[in-house]
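The values are calculated or read from the model by the stated rules, or taken from the named source; none is laboratory data. What you see is a predicted model, and the numbers here were worked out from it, not measured in a lab. We place every Cβ from the backbone using ideal geometry, glycine too, and count neighbours over all the protein chains shown.
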Amino acid sequence: MRLKLVNCEPIQVDFLTGTLAGSGVDEMKRTLGELSGVFRDNTAWSVMDPAQVVYRVQRFRPVEEGVAGGLFWGTTFVQPGLVGDEYFMTKGHFHSLRDRSEFYLTIKGEGALILMDEHRKTRFEPMRPGSLHYVPGGHAHRVANTGSVILSALACWPSDAGHDYESVTNRGFSSRLRLVNGSPRLVEEP
Ligand code: PA5
Ligand code: MN
């Protein structure tokens, strides 16, 4: 079966920043205001500027979202910052089709790929330029910026993976990446 192509013209990837350019690239961003309930310290969150951008995602999706057999490509840019003692990070999700996996390749900055399996066991992998990470199926994943410059990482995932945010919103991750005595540490939720 041939997949219906939405836009498969080649795009340009800037290896220094991870920026994608081309007619098939779109972009979304998340502000602090849109990340209500994501960070642990609600008091700290509530006095910060809700318009502040926490992360942006550029995506190249050559086939329709949800069809089987295609691949998507994207770059996530996470700003440096903290909400209380918790690093700026993405919302995080499981894939809707749970067995779908994903690659992340760090381009710039320092960060952490936080992974939680379906038994709610959480771990993280340090991200630094050139580190390539495999997100196995069945794992919730999110990216945190633990450095002082924008963290950018490329990702490649199957077009039918989908994003299940609800499971993460309902219970969160079992541990959070916090700044403890000057370095990032996973701290279990009470
Ligand atoms: O598909 C992915 O895993 C990434 O492109 C993420 O969507 C991106 O990092 C933003 O994170 P989230 O979708 O959890 O807001
Ligand atoms: Mn994903």
### Task
Scan the stretch 121-165 for residues that are without any contact (Cβ under 8 Å) to a residue 60 or more places away in the chain, assigned to a loop (DSSP other than H, G, I, E, B) and out of contact with any Lys or Arg (no Cβ under 8 Å at 6 or more places or on another chain) and jot them down.
K121, R128, G130, S131, P136, H139, T146
### Message
Give me the residue from the stretch 166-183 that is assigned to a loop (DSSP other than H, G, I, E, B) and among the small types (G, A, S) and, out of that set, nearest to S96 (Cα to Cα).
### Response
G172
### Task
Answer yes or no: is there a residue in the stretch 36-54 that is within 16 Å of ligand 1 (Cβ to nearest atom), modelled with pLDDT of 95 or more and at positive phi.
yes
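On the given criteria, is E118 acidic (D, E), closer than 22 Å to T169 by Cα and surrounded by fewer than 19 Cβ atoms within 10 Å (Cβ to Cβ)? Explain how you work it out, then say what you get.
Values: acidic (D, E): yes; closer than 22 Å to T169 by Cα: yes; surrounded by fewer than 19 Cβ atoms within 10 Å (Cβ to Cβ): yes.
So E118 fits the description; yes.
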### Message
under 19 Å from A155 (Cα atoms), among the hydroxyl-bearing types (S, T, Y) and surrounded by 19 or more Cβ atoms within 10 Å (Cβ to Cβ): which single residue out of Y55, Y134 fits that description?
### Response
Y55
#### Entry: Count of residues meeting criterion [in a strand (DSSP E or B) and of a type outside the set (S, T, N, Q)] in the stretch 103-120
11
### Task
Identify, from the list F103, F124, the residue that is farther than 15 Å from Y55 by Cα and either within 14 Å of ligand 1 (Cβ to nearest atom) or among the hydroxyl-bearing types (S, T, Y) (or both).
F103
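Does D164 count as more than 22 Å from V83 (Cβ to Cβ) and either away from ligand 1 (no atom under 15 Å from the Cβ) or within 12 Å of the chain's Cα centre (by Cα) (or both)?
Details: more than 22 Å from V83 (Cβ to Cβ): yes; either away from ligand 1 (no atom under 15 Å from the Cβ) or within 12 Å of the chain's Cα centre (by Cα) (or both): no.
No; evaluated as a whole, the condition is false for this residue.
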### Query
Can you tell me which residues in the stretch 172-182 are touching a residue at least 12 places away in the same chain (Cβ under 8 Å) and surrounded by fewer than 14 Cβ atoms within 10 Å (Cβ to Cβ)?
V180
